[in-house]
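Read the structure below first, then the notes.
The values are calculated or read from the model by the stated rules, or taken from the named source; none is laboratory data. Computed from a prediction, not measured in an experiment: that's the story for all the values here. As a convention, Cβ positions derive from the backbone with ideal geometry for all residues, glycine included, and neighbour counts pool all protein chains shown. Just the protein is used for accessible areas: all its heavy atoms, side chains included, with ligands, DNA and RNA removed. Shrake-Rupley method; radii C 1.70, N 1.55, O 1.52, S 1.80 Å.
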Amino acid sequence: MSLDNAVSARPNTLGMGGKMLVKVLLADFCCLILVISTAFLFMYQWLIWLLAIICMTLLVAFLAGPMNNRGHRDRGYYERNNQKTDRFYGLKAGLIAALPFYLMTLVSVLMMLGILPDYFLLYRALNSFFWPFISLIVGAFGVVDFPWYYFLLFFLLQSVIPLTCHISYTLGLKDIVLSDRILYQRNKKKK
């Protein structure tokens with residue numbers, strides 16, 4: 001047996017979800033440093049939009065690479081073992097990674113109802129990759145006067161995590177690497 005063709009067994013969904021949670025927390029920490037260091041820019045609306053795009057790009061960059069690689073490796077695993085692909089593996093791992101952030105949004109609902117004290121600044125700090133978006137939506141520090149649809153928007157913002165994991169894993173399963181397509185497309189145009 002040749003070790004060149006050996007493909008390691010893929011981790012279970014919970015294990016991959018845990019790895020993605022670590023990536024999300026690393027992205028959250030990087031975005032928190034970025035947001036705190038540029039807090040003086042929050043007086044300009046267009047800079048908040050720019051910061052929101054940068055933070056979202058950081059989050060997607062931290063998640064897309066590992067999930068695309070996992071999808072690419074799983075493609076070989078499924079082909080060699082003649083097994084049916086699990087198309088929702090990326091989505092399940094992304095939902096596991098996003099679960100703590102969904103729970104934080106539920107905690108903010110409890111803050112609005114008055115069951116818990118209002119610590120919305122802590123909510124923003126723990127969701128620092130969405131802090132600029134939250135600043136654009138809310139503007140205030142408390143949750144007492146929020147309409148219910150703000151929480152729906154927060155849940156939709158959190159859904160970026162599972163969607164990124166699902167799309168990048170699916171692209172990996174189909175052996176599509178966007179960076180290669182962009183680079184090779186540019187090389188074709190130069191020739």
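Compute the relative contact order of the chain as a whole-number percentage, counting only Cα pairs closer than 8 Å that sit 6 or more residues apart in sequence.
This gives 34 percent for the chain.
Stretch Y77-S37 to full length: gain in nm at 0.36 nm per residue minus the Cα-Cα span?
Full extension from Y77 to S37 adds 10.0 nm.
Sum up the charges of everything whose Cβ sits under 10 Å from the Cβ of G172, counting Lys and Arg as +1 and Asp and Glu as -1, but leave G172 out.
+2
What are the extents of the Cα atoms of the chain along their three principal axes, in Å, largest first?
Largest first, the chain extends 64, 45, 25 Å along its Cα principal axes.
Can you compute the charge dipole magnitude of the chain about its Cα centre, using +1 on each Lys and Arg Cβ and -1 on each Asp and Glu Cβ, nothing else charged? Give it in debye, rounded to the nearest 20.
Result for the chain is approximately 1060 debye, rounded to the nearest 20.
Helix by helix, which DSSP H runs in the chain go 20 Å or more along their axis at the Cα atoms and have an average Kyte-Doolittle hydropathy of -1.0 or more?
13-37, 45-81, 89-112
Which of the chymotrypsin sites (Phe, Trp or Tyr not before Pro) across segment 24-67 are loop residues per DSSP, with 12 or fewer other Cβ within 10 Å?
Hits after loop and neighbour filter: Y44.
Whole-Å semi-axes of segment 79-153's equivalent ellipsoid, largest first, each the root of 5 times a Cα gyration tensor eigenvalue?
The equivalent ellipsoid of segment 79-153 has semi-axes of 35, 13, 10 Å.
Rounded to the nearest percent, how much of the accessible area of segment 1-139 (1.4 Å probe, protein heavy atoms only) is carbon and sulfur?
Its accessible area is 69 percent carbon and sulfur atoms.
Relative contact order of segment 98-155, please, whole-number percent, based on alpha carbon pairs below 8 angstrom and at least 6 residues apart.
About 38 percent, as a whole number.
Just flag the trypsin sites (Lys or Arg not before Pro) in segment 62-143 sitting in loop per DSSP whose Cβ has no more than 12 other Cβ atoms within 10 Å.
K84, R87
Dipole of segment 12-140 (Lys/Arg Cβ +1, Asp/Glu Cβ -1, origin at the Cα centre): which of G94, N68, F29 lies farthest to the positive side?
The residue sitting most towards the positive pole is N68.
Could you tell me the calculated FRET efficiency between D145 and L50, based on Cβ-Cβ distance and R0 = 41 angstrom, to the nearest 0.05?
That pair, D145 with L50, gives E of 0.90.
With N residues in segment 1-111, what two-decimal value do you get for its Cα radius of gyration over 2.2 N^0.38 Å?
Rg over 2.2 N^0.38 Å, computed on Cα atoms: 1.40.
Charges at C-beta only: +1 for Lys and Arg, -1 for Asp and Glu. How large is the resulting dipole of segment 77-189 about its Cα centre, in Debye rounded to 20?
Dipole of segment 77-189, to the nearest 20 debye: 680 debye.
Which of I54, I115, I96 ends up with the largest GNM mean-square fluctuation for the chain, with Cα atoms connected below 10 Å?
Highest fluctuation of the listed residues: I115.
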